[in-house]
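Worksheet: the structure to be examined is printed underneath.
The values are calculated or read from the model by the stated rules, or taken from the named source; none is laboratory data. What you see is a predicted model, and the numbers here were worked out from it, not measured in a lab. No Cβ is skipped: glycine too gets one built from the backbone with ideal geometry, and neighbour counts run over all protein chains shown.
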Amino acid sequence: MILGIDLGTTNASAAVIKKGRPVFVKTGYSQNCNILPSVVGYNDKGEIVAGEEARDLCLVNPDSAIRSVKNYMGKNKDIVLRNPLTSENVSYKPYEISSKILERIKKLASEQLGERITRAVITVPAYFNDKARKDTIKAGAMAGLEVVRIINEPTAAALCYGLHNKGLENNHVMVYDLGGGTFDISVIEINDDIIEVIASDGDRSLGGDRFDYALFSSFYKKIKAGGNADIDNLVAMSILLNESEQAKIHLSSVVKKSLSIKEFGFDEVLYREDFENLIKPFIDKTVDQCRAVVEKSGIGNRNIDKILLVGGSTRIPYVRNVLESALKVPVSQEIDPDLAVVTGAAIQAAIIEGRQVDSVLVDVAPHSLSVSCVIEKNGRTVPNFCSKLIRKNTPIPCTVEETFSTLNDNQDTVRIAVYQGESDFEENNVLIKELKFSGLKGRKAGETEILVNFSYKLDGTVDITACEDGTKNKLMDSCATN
Ligand code: AMP
């Protein structure tokens, strides 16, 4: 079996196609984790490790580990890592570091797929030059993998969306790939099963990490202004950066997030709108680059048929909204943006094996799931409004959270009614579960916050959790969708 591998700057992943569905190699500590941090380093025993362990080491021993090695592929640069056991500095070529990530992936894939994996298709950015591509092949060989094909990441995304073999002619798609460390933009042309990148550009230093730093800096300033926390040390900074990333991720599914870091006496409510203002200059820059790349491709904006969103940072709703309104082109995001490229690599691998794969089956939520609530609209109170937590066609399994607050003073109970359907109002949707969450602290209207979490599983059931913010009061239940 040929393995499809996305050797990303921030994360790597691998997959094969079985019975028309992508099967992802589980890579992390947690059971459902399909992505492996692209970090390599020495642990305390003097062993070289790749993945989550290396990422954790990077925080405490930054000179013993390296992240984002992909940025150095094709360059004559030596990477020096300190072995903490011997205190020796050891030099590596970028492809030698990459091979450690591939070695780990190969081992996990062989264990999970029940056969020794020796061949792979690996994706690379469209801008990779010949040397960087050859280095990728070298890294594969060092890890015991014959790289049977190198494909461009935007091409893999198009394969994943099943845009090949559809009889499309002169179809143009823009692939907007915003990951952790980098931004890549490509215009591809599809003529039946030929997919060609006709223009590409990007920014090697723009991605979700910059958004984390933007939040980090605003928190840092506030903590410093408070004056009583010791924050100017590596461990404190790492904690704050990690909290910043988590807050950012939360704000993709909730409009406000309470953030409390006891160590620094930091207590803040963070609003999605403020976060959006913080990242606006970065997103505007990506839009300018989209326009420039269309110009370079010579086809004109009106001839772009759709935009595919790829990369973890495209989960930020603001990114999609800005693109839609600025470029006026339909945006597709039906496939998990972290897994679109690796799925495309797996499809290419299956095609090389002689299997015909037109498009893959991806499990999606067949209906939207909402919680009924009361909203304010144009100065009016609107009851029985269905606030959608999971939208129709969202890839599953998935987990989404949203914060609701109480309507009345001293309210100690809320009704959590879960509706299935596309309407904004209860009456047109189907009630699938009704729960009573009681024992809330009686506070002023709006002061009690309830965090509702939906976890939609592959078997169509949804685990529902409701937590009263700042207390141990919690309700857990589940329901089946129709
Ligand atoms: P990638 O390089 O494509 O794996 O993307 C990794 C980046 O996506 C990191 O900066 C993550 O913090 C970011 N990311 C992942 N999930 C989300 C989310 N739900 N909202 C915002 N950013 C996310």
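Just a few scattered comments:
- Top-ranked residue in segment 198-221 [being among the basic types (K, R) and part of a helix (DSSP H, G or I); ranked as nearest to the ligand (Cβ to nearest atom)]: R210
- The set of residues from segment 422-470 being of a type outside the set (A, V, I, L, M, F, W, C) and in a strand (DSSP E or B) comprises K433, E434, K436, S438, E449, N453, S455, Y456, T461, D463, T465, E468.
- Within segment 311-330, the set of residues being within 16 Å of the ligand (Cβ to nearest atom) and either surrounded by fewer than 20 Cβ atoms within 10 Å (Cβ to Cβ) or outside the structural domain of K248 (by TED's automatic domain parsing) (or both) comprises R315, P317, Y318, R320, N321, V322.
- Condition check for C386: outside any helix (DSSP H, G or I) and touching a helix residue (DSSP H, G or I) at 6+ places or on another chain (Cβ under 7 Å): yes
- Checked against the criterion of being under 18 Å from E153 (Cβ atoms), in contact (Cβ under 8 Å) with a residue 60 or more places away in the chain and polar (S, T, N, Q), segment 99-119 contains not a single residue that satisfies it.
Results for (1) surrounded by 12 or more Cβ atoms within 10 Å (Cβ to Cβ); (2) out of contact with any Leu (no Cβ under 7 Å at 6 or more places or on another chain); (3) modelled with pLDDT under 85, shown as yes or no for each residue.
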| site | (1), (2), (3) |
| --- | --- |
| V374 | yes, no, no |
| G379 | no, yes, yes |
| C386 | yes, yes, no |
| C398 | yes, yes, yes |
| E402 | yes, no, no |
| S423 | yes, yes, no |
| E427 | no, yes, no |
| L440 | yes, yes, no |
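- Yes/no for Q333 being touching a residue at least 12 places away in the same chain (Cβ under 8 Å), of a type outside the set (A, V, I, L, M, F, W, C) and surrounded by fewer than 21 Cβ atoms within 10 Å (Cβ to Cβ): yes
- Filter result (over 21 Å from I347 (Cα atoms), part of a helix (DSSP H, G or I) and among the aliphatic types (A, V, I, L, M)) within segment 86-130: I97, I101
- A search for C-beta distances below 7 Å between a residue of segment 244-256 that is modelled with pLDDT of 85 or more and any residue that is near the ligand (Cβ under 6 Å from one of its atoms) and β-branched (V, I, T), counting only pairs 6+ apart in sequence or on different chains, returns S252/I316.
- Test for I190: is it in a strand (DSSP E or B), within 22 Å of G312 (Cα to Cα) and either within 16 Å of the ligand (Cβ to nearest atom) or among the β-branched types (V, I, T) (or both): no
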